[in-house]
Amino acid sequence: MGEQRSQAAESGVEQNVHEQKAVRMAKREKLIAAGDLAGGAYPVTVPVTDTIRNVRTKWEHLTESPDQKSGEVVGIAGRVVFQRNTGKLCFAALQAGDGTRIQAMFSQAELGEELLADFKALVDLGDHLFVKGEVISSRRGELSVMVADWQIASKALAPLPNAFNEDLNEETRVRQRYLDLIVREQARVNVLTRAKTMASLRKTFAEKDFVEVETPMLQTMHGGASARPFVTHSNAFDTELYLRIAPELYLKRALVGGLERVFEINRNFRNEGADSTHSPEFAMLESYQAYTDYNGIADLTQELIQNAALAVNEGTDREGTHVVKWADGTLFDLGGNWDRISMYDTLSDACGVKITPQTSAADLQAIADKEGVEVKLPNHGKLVEELWEHFVKDGLDRPTFVMDFPVETSPLTRHHRSIEGVVEKWDLYVRGFELATGYSELADPVVQRERFVEQAKMGAAGDDEAMRVDEEFLRAMEHGMPPAGGMGMGMDRLLMALTGLGIRETILFPLVK
């Protein structure tokens, strides 16, 4: 019964929208037929002289008392988000793209009877409207423009959602992000936060003499990570191509070529599941620095993220601190020196059994069976990582570097210099999810070939995320790659750490079914 009521309500909403669109279409026809009436329905441009934000900044002091006049005439434009058409004095609130609003007052004494009647008859919520008039404060002390002339800048045929002053549901937010940006302040803040973050990352890299490069997104062989790729076909080359899963192998070619500090921020594509922390298409930062190791690259990563937090906090009451404010109001501290913990030691402590790189896969499988942890194509490395995630991961809230991983799961990473059976790799966890990963990069082409061969065997055994033997990359390595530290960090996940939101909220236009 409840489902029937829901369907009936949805049908009623659709019918109402259909009727409103029909009315708006008729208004559009009138505007077009009239030609110069209010400038038509979709003029090429309108004579804007200032922005709503600038007008508010310059004349906000007029609101200290009512009925004040600035003596300045401005031409501004914005979206109509409120209307009150009553008698000889009408009101509209115009909203700029940044969410700033100002009141426009339409008086018959100022406009004349015909122009006021046209405003009432032709302007709807959602329309883009240009107004020209003097900046004043109203009788209630509200900053306003007393309109002397107006013009439709763009006629909206579809109405704004009924929930204009309420939160849209998540599905509507991600499927119709344009509505989300119109309606919700948080949606606009998310976009600005992302822009500030990207600018901060690039600034930090520039200060450290890194060079930003771009590498191929269409690749003849996928590599640089363990993931299932998207496959496509090039008609021009008549060959199978892959959307890249990572830029790593090309950035390392740049290291071989002498670009000793490089980074790239761009899109990666992985043909895998989608959930609150994963998206098939996502933005990724990867950076490589010659003559450092995974400890040095951890220092760099902490600095990049903390500088981003400083940038996001500029202009807020937290300016100058690393304490970010999430969308739900939670304060999260990204400051200080972040802990660095051992994967094997923390797993041993959590499960009550001493686990080392020499612990057999059979013993690890017994623990997994007892805990109900399923591992696809289990070997020592995969069992250790899955058990660690089961026992330890969710308890990591504060930023933490988890150090020293099994060799089986890290084919591009250098052997640990003092611990047999592990590699010099860390994963950075924040809020219980993996934010970044860093390596002391493997520079020996002979060992790299051996690792690729082992990966190929895993692929033949059914592991569809295993890497292949990449002869072109090996040829580059044979010309000498300097010792280096490398790091990869998901940009969408970085925004999750800075805002407390899920991944679909941090991506402007996420992929949805």
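Worth a mention:
Okay, residues lined up against (1) crowded, with 16+ Cβ neighbours inside 10 Å; (2) β-branched (V, I, T); (3) within 18 Å of L62 (Cβ to Cβ); (4) in contact with a Lys or Arg (Cβ under 7 Å, 6 or more places away or on another chain):
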residue: E110; (1), (2), (3), (4): yes, no, yes, no
residue: L122; (1), (2), (3), (4): yes, no, no, yes
residue: D127; (1), (2), (3), (4): yes, no, no, yes
residue: S137; (1), (2), (3), (4): yes, no, yes, no
residue: I152; (1), (2), (3), (4): yes, yes, no, no
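- Of all residues in region 149-171 being at pLDDT below 80 and not aromatic (F, W, Y), the one that is farthest from the chain's Cα centre (by Cα): N162
- Restricting the first member to region 392-414 and to residues that are farther than 21 Å from G485 by Cβ and among the acidic types (D, E), and the second to residues that are at pLDDT below 95 and part of a loop (DSSP other than H, G, I, E, B), the beta-carbon pairs closer than 7 Å and six or more apart or on different chains are D394/G432; D397/R431; D397/G432; E408/N379.
- Inspection of region 269-276 identifies no residue that is among the acidic types (D, E) and more than 30 Å from E171 (Cα to Cα).
The rows are residues; the columns are (1) under 24 Å from A298 (Cα atoms); (2) under 19 Å from the mean Cα position of the chain (by Cα); (3) part of a loop (DSSP other than H, G, I, E, B); (4) not small (G, A, S).
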| residue | (1), (2), (3), (4) |
| --- | --- |
| L310 | yes, yes, no, yes |
| T316 | no, no, yes, yes |
| G320 | yes, no, yes, no |
| D328 | no, yes, yes, yes |
| F332 | yes, yes, no, yes |
| R340 | yes, no, no, yes |
| T346 | yes, no, no, yes |
| A350 | no, no, no, no |
| I355 | no, no, yes, yes |
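- Selection count where residues are aliphatic (A, V, I, L, M) and part of a loop (DSSP other than H, G, I, E, B), scope region 479-513: 6
- Candidate set: region 125-148, residues that are modelled with pLDDT of 95 or more and of a type in the set (D, E, K, R); chosen: the one farthest from K69 (Cα to Cα): D127
- Unmet criterion (only one of (1) surrounded by fewer than 16 Cβ atoms within 10 Å (Cβ to Cβ); (2) of a type in the set (A, V, I, L, M); (3) within 30 Å of G40 (Cα to Cα)) for V189: (3)
- Of the residues making up region 15-65, those that are part of a helix (DSSP H, G or I) and on the phi > 0 side of the Ramachandran plot are A38, G39.
- Residue check, V453 under 22 Å from L251 (Cβ atoms), at pLDDT below 95 and not aromatic (F, W, Y): no
- Filter result for T409 (buried (at least 22 other Cβ atoms within 10 Å of the Cβ), under 32 Å from the mean Cα position of the chain (by Cα) and either β-branched (V, I, T) or modelled with pLDDT of 90 or more (or both)): no
- Residue in region 45-62 that is within 23 Å of P161 (Cα to Cα) and under 34 Å from the mean Cα position of the chain (by Cα) present: no
- Residue pairs whose Cβ atoms lie under 7 Å apart, separated by 6 or more positions or on different chains, with the first residue in region 277-297 and free of Cβ contacts under 8 Å to residues at least 12 places away in the same chain and the second buried (at least 19 other Cβ atoms within 10 Å of the Cβ) and of a type in the set (A, V, I, L, M, F, W, C), do not occur.
- Within region 466-499, tally of residues that are touching a residue at least 24 places away in the same chain (Cβ under 8 Å) and surrounded by fewer than 18 Cβ atoms within 10 Å (Cβ to Cβ): 8
- One residue from L249, L241 being modelled with pLDDT of 90 or more, assigned to a helix (DSSP H, G or I) and of a type outside the set (S, T, Y): L249
- Criterion applied to L377, L387 was being of a type in the set (A, V, I, L, M, F, W, C) and either closer than 29 Å to I305 by Cα or without any contact (Cβ under 8 Å) to a residue 12 or more places away in the chain (or both), and the one residue passing it is L387.
- Filtered residues of region 255-298 (kept if among the small types (G, A, S) and modelled with pLDDT of 90 or more): G257, G258, A283, S287, A290, G296, A298
- Residue match in region 1-20 (condition: modelled with pLDDT of 95 or more and among the charged types (D, E, K, R)): no
- Here T301 meets each of (1) part of a strand (DSSP E or B); (2) within 23 Å of V402 (Cβ to Cβ); (3) at pLDDT 95 or above with one exception, condition (1).
- Here T232, T215, T172 are screened, and the one residue that is β-branched (V, I, T), outside any loop (DSSP other than H, G, I, E, B) and surrounded by 14 or more Cβ atoms within 10 Å (Cβ to Cβ) is T172.
- Residues in region 109-142 that are more than 26 Å from E29 (Cβ to Cβ) and free of Cβ contacts under 8 Å to residues at least 40 places away in the same chain: A109, E110.
Rundown of residues vs (1) surrounded by fewer than 16 Cβ atoms within 10 Å (Cβ to Cβ); (2) over 22 Å from M491 (Cα atoms), yes/no style:
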| residue | (1), (2) |
| --- | --- |
| L304 | no, no |
| A308 | no, no |
| N313 | no, no |
| L331 | yes, no |
| D339 | yes, no |
| S342 | yes, yes |
| D349 | yes, yes |
| Q365 | no, yes |
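- Meets criteria (crowded, with 20+ Cβ neighbours inside 10 Å, of a type in the set (D, E, K, R), over 20 Å from K425 (Cβ atoms) and modelled with pLDDT under 95) for E505: yes
- The set of residues in region 32-77 being of a type in the set (G, A, S) and in contact with a Ser or Thr (Cβ under 6 Å, 6 or more places away or on another chain) consists of G75 alone.
The values are calculated or read from the model by the stated rules, or taken from the named source; none is laboratory data. Nothing here was measured: the structure is a model prediction, and the numbers come from that model. Counting neighbours? That spans all protein chains shown, and the Cβs are built from the backbone with ideal geometry, glycine included.
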